[in-house]
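Student: Have a look at the structure that comes next, please.
The values are calculated or read from the model by the stated rules, or taken from the named source; none is laboratory data. Just so it is clear, the model here is predicted, and its values are computed rather than measured. Virtual Cβ from ideal backbone geometry, glycine too; neighbours counted across all protein chains shown. Accessible surface areas use protein heavy atoms only, side chains included; no ligands, DNA or RNA. Shrake-Rupley method; radii C 1.70, N 1.55, O 1.52, S 1.80 Å.
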Amino acid sequence: MPAHKSVKLNTGAEMPTLGLGTWRSQPGAVERAVAHALKHGYRHIDTATAYGNEKEVGEGIKQSGVPREQIFLTTKLNNPDQRNVASALDASLKALDTPYLDLWLMHWPCPMTKEGGADKERDWRDTWRDMEKVYKEHPEKVKAIGVSNFSVSYLRELLKFATVVPAVNQIESHPLCLQEDIVEECRKHGIAVTAYSPLGSDQAPLLEKPVVKKLAEKYKVAPSNILISLQANRPGVTVIPKSVTPHRIEENAIIVDLTEEDIKALFELEKENHTRFCKPYWTGWGNIGFPDLD
Ligand code: NDP
């Protein structure tokens, strides 16, 4: 992929299309993964307070030798921190050992208690208002704010009262769960989308799909490149495959231009077998507006 390929956010900033995901990337491995990715051309790293690895992600960034200002760094507000937005941001900055974030996302529209259940006394709308406040008062700490796991109905609700339109909505997306309705809604409002779990999450089950393998042969690339390229070929979409394996990190960075027919063939998969790998029920907030989960 040309290093310059990026999506322009509604803030004017450029977000590199390809990023490295770090969920389930353990301390010890994640520093090496982040440093390896950055040394091999990645300029976008995705983490979250919930992943328990912000400190190590920060160390990986330093080990890479790539200047901080050349890197697009995203982290996410943890569900149990929705009542203390400003101090959660400071804690993330401290853990990552960075003066600022390029993007800070509300991880789920699901406030939770420290014990882990739904915090029904807290409204995620107030969390967004608090995020807007920090963003407006401290532009030196956070360059853009956004959301994650927002369905169409949650996005519409947000846009009724928001004074800052989210820069990004980060959602699960791969050929078994494309969520084109959300992507369309985001495009309508100038919100970029980041596709998570592009390989089907843990153990990358989608690499085995015959159509994915066939397209990999056609383009003489690995199956992972087809799944990552599918997202990178969608206008306004960025993609964050996770790996802690050096050769896979390098391999995943190849993006090919798929034809409309290739994309159509990949879009067909969902009709046979719609599958979501990351369901929101554990938050205690039900299906949070995802009709396919009813
Ligand atoms: P992915 O779809 O990125 O798949 C990760 C799995 O694929 C790992 O088991 C990895 O193994 C394996 N893998 C990676 N590359 C290859 C390859 N070339 N060949 C074979 N196997 C490969 O899953 P994730 O769920 O991790 O999603 C990506 C990122 O999205 C997350 O890490 C996180 O940053 C973000 N995310 C955000 C969520 C949210 O709520 N906002 C929810 C879920 C994810 P190995 O590491 O051992 O190489």
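Student: Tell me which residues, restricted to segment 115-137, are among the aromatic types (Phe, Trp, Tyr) and either away from the ligand (no atom under 16 Å from the Cβ) or without any contact (Cβ under 8 Å) to a residue 40 or more places away in the chain (or both).
Tutor: Quick first cut of segment 115-137, residues among the aromatic types (Phe, Trp, Tyr) only: 124, 128, 135.
Scanning segment 115-137 gives Trp128, Tyr135.
Student: Would you mind finding the one in Pro205, Pro241 that is under 18 Å from Leu178 (Cβ atoms) and in contact with a Gly (Cβ under 8 Å, 6 or more places away or on another chain)?
Tutor: Numbers: Pro205 fails: in contact with a Gly (Cβ under 8 Å, 6 or more places away or on another chain).
After ruling out the rest, the residue left standing is Pro241.
Student: Return the residue satisfying two criteria in turn: it lies in segment 244-263 and is among the β-branched types (Val, Ile, Thr) and in a helix (DSSP H, G or I), and of such residues it is farthest from His40 (Cα to Cα).
Tutor: Residues of segment 244-263 that are among the β-branched types (Val, Ile, Thr), as a first pass: 244-245, 249, 254-256, 259, 263.
Next cut, in a helix (DSSP H, G or I) only: 249, 263.
On the way: Ile249: 8, Ile263: 27 Å.
Result: Ile263.
Student: How many residues are open to solvent by 10 Å² or more (accessible area, probe 1.4 Å), more than 16 Å from the ligand (Cβ to nearest atom) and under 24 Å from His189 (Cβ atoms) when one looks only at segment 138-166?
Tutor: Taking segment 138-166 as the starting set, the residues that turn out to be open to solvent by 10 Å² or more (accessible area, probe 1.4 Å) are 138-141, 143, 152-154, 156-157, 159-165.
Imposing the further condition that a residue be more than 16 Å from the ligand (Cβ to nearest atom) reduces the set to 138-141, 143, 152-153, 156-157, 159-165.
Of the ones still in play, those that are also under 24 Å from His189 (Cβ atoms) are 139, 143, 152-153, 156-157, 159-165.
Residues in segment 138-166 being open to solvent by 10 Å² or more (accessible area, probe 1.4 Å), more than 16 Å from the ligand (Cβ to nearest atom) and under 24 Å from His189 (Cβ atoms): 13 in total.
Student: Let me ask you something else. For segment 167-195, which residues satisfy the criterion of being open to solvent by less than 30 Å² (accessible area, probe 1.4 Å), acidic (Asp, Glu) and out of contact with any Cys (no Cβ under 8 Å at 6 or more places or on another chain)?
Tutor: Pass one, segment 167-195, residues open to solvent by less than 30 Å² (accessible area, probe 1.4 Å): 167-179, 182-183, 185-186, 191-195.
After this cut, where a residue has to be acidic (Asp, Glu) as well, the list is 172, 185.
Scanning segment 167-195 gives a single hit, Glu185.
Student: Mind checking which pairs have a first residue in segment 247-271 that is within 12 Å of Leu215 (Cβ to Cβ) and a second that is open to solvent by 20 Å² or more (accessible area, probe 1.4 Å) and outside any loop (DSSP other than H, G, I, E, B), Cβ under 7 Å, 6 or more apart or different chains?
Tutor: Val256/Tyr219; Ala265/Val211; Leu266/Val211; Leu269/Val211
Student: Give the residues of segment 21-37 that are open to solvent by less than 40 Å² (accessible area, probe 1.4 Å), touching a Phe, Trp or Tyr at 6+ places or on another chain (Cβ under 9 Å) and near the ligand (Cβ under 8 Å from one of its atoms), sorted by residue number.
Tutor: Gly21, Thr22, Ser25
Student: If you don't mind, there's one more thing I want to ask. Within segment 79-117, count every residue that is under 30 Å from Gly286 (Cβ atoms), of a type in the set (Val, Ile, Thr) and open to solvent by less than 30 Å² (accessible area, probe 1.4 Å). Show your work before the answer.
Tutor: We begin by selecting, within segment 79-117, every residue under 30 Å from Gly286 (Cβ atoms); these are 79-89, 91-92, 101, 103-117.
Applying the additional criterion that residues be of a type in the set (Val, Ile, Thr) yields 85, 113.
Narrowing the set further to residues that are open to solvent by less than 30 Å² (accessible area, probe 1.4 Å) leaves 85.
Qualifying residue count for the region: 1.
Student: Among the residues of segment 75-107, which ones are more than 16 Å from the ligand (Cβ to nearest atom) and basic (Lys, Arg)?
Tutor: If the condition is that a residue be more than 16 Å from the ligand (Cβ to nearest atom) and basic (Lys, Arg), then Arg83, Lys94 are the ones that fit.
Student: Count, please, the residues in segment 118-130 that happen to be in a loop (DSSP other than H, G, I, E, B) and open to solvent by 20 Å² or more (accessible area, probe 1.4 Å). Lay out the reasoning, then the answer.
Tutor: Kept after step one, since they are in a loop (DSSP other than H, G, I, E, B), are these residues of segment 118-130: 119-123.
Then drop every residue that is not open to solvent by 20 Å² or more (accessible area, probe 1.4 Å), which leaves 120-123.
Number satisfying all stated conditions: 4.
Student: Do you know which residues across segment 140-176 are under 23 Å from Thr98 (Cα atoms) and in a loop (DSSP other than H, G, I, E, B)?
Tutor: Scanning segment 140-176 gives Glu140, Lys141, Lys143, Ala144, Pro166, Ala167.
Student: If you don't mind, there's one more thing I want to ask. For residues that are near the ligand (Cβ under 8 Å from one of its atoms) and in contact with a strand residue (DSSP E or B) (Cβ under 9 Å, 6 or more places away or on another chain), scanning just segment 244-254, find the one that is farthest from Glu270 (Cα to Cα).
Tutor: Among those that are near the ligand (Cβ under 8 Å from one of its atoms) and in contact with a strand residue (DSSP E or B) (Cβ under 9 Å, 6 or more places away or on another chain), it is Ile249.
Student: Please go through segment 196-243 and give me each residue that is outside any helix (DSSP H, G or I), within 8 Å of the ligand (Cβ to nearest atom) and open to solvent by less than 40 Å² (accessible area, probe 1.4 Å), ordered by number. First the steps, then the outcome.
Tutor: Filtering segment 196-243 for residues outside any helix (DSSP H, G or I) gives 196-204, 209, 220-222, 233-243.
After this cut, where a residue has to be within 8 Å of the ligand (Cβ to nearest atom) as well, the list is 196-204, 222, 240-243.
Tyr196, Ser197, Pro198, Leu199, Gly200, Ser201, Ala204, Ala222, Ile240, Pro241, Ser243 - these are the residues of segment 196-243 that are outside any helix (DSSP H, G or I), within 8 Å of the ligand (Cβ to nearest atom) and open to solvent by less than 40 Å² (accessible area, probe 1.4 Å).
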